[in-house]
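Notes follow the structure.
The values are calculated or read from the model by the stated rules, or taken from the named source; none is laboratory data. The model shown is predicted, which means the values in this text are computed figures rather than measured ones. Reconstructed Cβ throughout: ideal geometry from the backbone, glycine too, with neighbour counts over all protein chains shown.
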Amino acid sequence: MKQSGGWRLLTLLVAALGCTRTTELANAVAASCTPPGPPIHLGGTTNAACAGVIAAQAARYALCSCTDVTIPGDLIVSGLVGPGRPPRPGGGVGAGGSAGQSPWPAGHPVDGLLPQMFYAAIGTDGSFQTGGHADVPGSLVVAGTGDVKIGTQGHVLGNAHIAGNLLPRTGYWVSGDAYVAGNAAGAISVGGTLHTSSGSLVDPSVMARASVRETVTVEPPCNCEAGPAFDIGAAVEARRSKNANAQLELLPGILADVQSPTTLDLTCGEYYLDDIRSGADGAIDLRIHGHVGIFVGGDVRLGNIFTVTLADDVDDATLDLVVAGSVYTGRSFGSPGDPDGVRLWVGETTVYLPAQAQFGAFVYAPYALFSAGSQLSFTGSLFVRTVTVADNLYLGSDPDVNQAGAECGVDPPDPVK
C-alpha cells in the first residue's frame, strides 16, 4: 500500500513533540545509487538471474506446490483489482464476489464462458484435494496420479489438466477444456472439450460440449525435480562481503533484536543483515525507495508486525527479502495492498504464519513447508514445497507479479492454459 511522501519530515516533527516510539535506525545519506536504481539480481548478473524475471515465471501460478495440496476447508482464489490489473472474471465466490458477469450464461455450466485472460492458475506436482470449495479463476494443473477430490462444488475458469482421477463429491464446473488421464465421475460439467485417455472410465453424469479419446499426459507444473531457480544460500553469502551497507552506515545486526517500534528507510541497493528478529512490542516498518534487496544470513523471526511501505516518490519501488534460513511471521507481514512489490525468497524448510495473519508478498520457498493457522488473509502468490493450513485458504492473486520481468526489459512469460 503506497503512501505519500514527506515521511521523514513527519517523523521528525512527531518525534520533536515526543509522541512516538518509532526509532529511525538509518539515515538516507547521499548514496551512490540513484533511485530506483538497478534491479536486484539473484545468483548472477544476467537477465536469467533477475529477481523480477524469476518471480514472473514462478507467479504464473497463484499456488505452485511440489507435493500434494490438501486443504481441509475451501480453496478460493481471486484476482486483485486495481490499476493495470484485469477485472475478476465471473460472479462466484472465488471470482471476486457478486460483481461482474456470471461465468455461466444461460444458467448452465455446460454453456461456459472461456475467459479472455488466464491468470491465477493453481498447480501441483502432487495430488489435489479440498474438504470444501475449489474455485480457480484460471487453469488447474495436477500432475500427481492420486485422486482429485473436491468436498463441495466449485469451478475452474480456465482448463483442467488432471493426471489421476477427477472425483468431485458434488458439482464441479470447468469453463474451458478438461484433460483427464484417469477416470471422471460425478456431477462434472465441461464448457469445452473433455479429453480422456483410452482406458478412462467416464461416468454418464459427466457433461461436456464435446469429448475426445486420446493419450493424456500432464507435465509437472512446478518442475520441482529440476531444483530451485537459484541457490538462495549462496546468493545471501555473496552479499555478506559485497553489499551496500556502507552507504547507509547499516550494521548487519541492526534488526537482530527489535524490542520497540522501529522504522528503517532504505534507498536502492543490496544490503546484508545477520538476522531479523523482533519481540512482542517490536513492530518493524521498512520504507522502500527504489529497488532494494535485503539478504539475511540467518532466520527471520517476528513477534510483531512487519510492514513494507513502497514509496510513491520513486517509480517501481520493490523489496526482495532473501533469507538463507526460515521465516516465522507475526500477525501482519509485507504489503497486503501491493504484494507484487514485495518478494520473499526462503532457503530453508519453514515459513510459518500464526492464526489470523495478514500476509502480502510473492513467496518463493522451494524447500519449505508453508504453514498457517486459521483465518489466514493472503495476497500474493506461493511457490513452496508443501502447504498446510488450519482451515480455508483464500488467495488474492496479484497478476502484476507476472509483469515483474519488465524491471530487466523482459516480456512476461506465457500464461498457463
For residues that are part of a loop (DSSP other than H, G, I, E, B) and among the acidic types (D, E), tally how many sit in segment 118-142.
-> 1
Top-ranked residue of segment 385-401 - restricted to ones that are of a type in the set (A, V, I, L, M, F, W, C) and surrounded by 19 or more Cβ atoms within 10 Å (Cβ to Cβ), ranked as nearest to L344 (Cα to Cα) = V401
Restricting attention to segment 239-251, which residues are touching a residue at least 40 places away in the same chain (Cβ under 8 Å) and either assigned by TED's automatic domain parsing to the domain that holds I188 or not basic (K, R) (or both)?
-> N243, A244, Q247, L248, E249, L250
Scope segment 153-185; condition free of Cβ contacts under 8 Å to residues at least 60 places away in the same chain, under 18 Å from V216 (Cα atoms) and in a loop (DSSP other than H, G, I, E, B); matching residues = A163, G164, N165, L167, D177, A181, G182, N183, A185
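Here is a yes/no grid of residues against (1) closer than 30 Å to H161 by Cα; (2) touching a His at 6+ places or on another chain (Cβ under 7 Å); (3) among the β-branched types (V, I, T):
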| site | (1), (2), (3) |
| --- | --- |
| A226 | yes, no, no |
| A229 | yes, no, no |
| V236 | no, no, yes |
| L264 | no, no, no |
| E270 | no, no, no |
| V292 | no, no, yes |
| F295 | no, no, no |
| V314 | no, yes, yes |
| T329 | no, no, yes |
Segment 186-229, subset more than 21 Å from V416 (Cα to Cα), part of a loop (DSSP other than H, G, I, E, B) and hydrophobic (A, V, I, L, M, F, W, C), residue farthest from the chain's Cα centre (by Cα) | L201
Restricted to segment 205-247 and to residues being closer than 22 Å to G126 by Cβ and of a type in the set (D, E), the residue surrounded by the most Cβ atoms within 10 Å (Cβ to Cβ) is E219
For segment 120-149, name all the residues that are of a type in the set (A, V, I, L, M, F, W, C) and buried (at least 24 other Cβ atoms within 10 Å of the Cβ).
-> A120, A121, I122, F128, A134, V136, L140, V141, V142, V148
From the list V180, V202, pick out the single residue that is β-branched (V, I, T), at pLDDT 90 or above and buried (at least 24 other Cβ atoms within 10 Å of the Cβ).
-> V180
Could you check how many residues of segment 376-406 are of a type in the set (D, E, K, R) and in contact with an Asp or Glu (Cβ under 7 Å, 6 or more places away or on another chain)?
-> 2
Got a sec? Which strands (runs of 3 or more DSSP E) wholly within segment 301-391 have at least 3 residues that are touching a Pro at 6+ places or on another chain (Cβ under 8 Å)?
-> 358-372, 377-389
Look at segment 346-384 and say how many of its residues are surrounded by 19 or more Cβ atoms within 10 Å (Cβ to Cβ) and in contact (Cβ under 8 Å) with a residue 60 or more places away in the chain.
-> 10
Here are some residues: V323, V308, V327. Which one is touching a residue at least 60 places away in the same chain (Cβ under 8 Å), over 16 Å from G279 (Cβ atoms) and surrounded by 19 or more Cβ atoms within 10 Å (Cβ to Cβ)?
-> V323
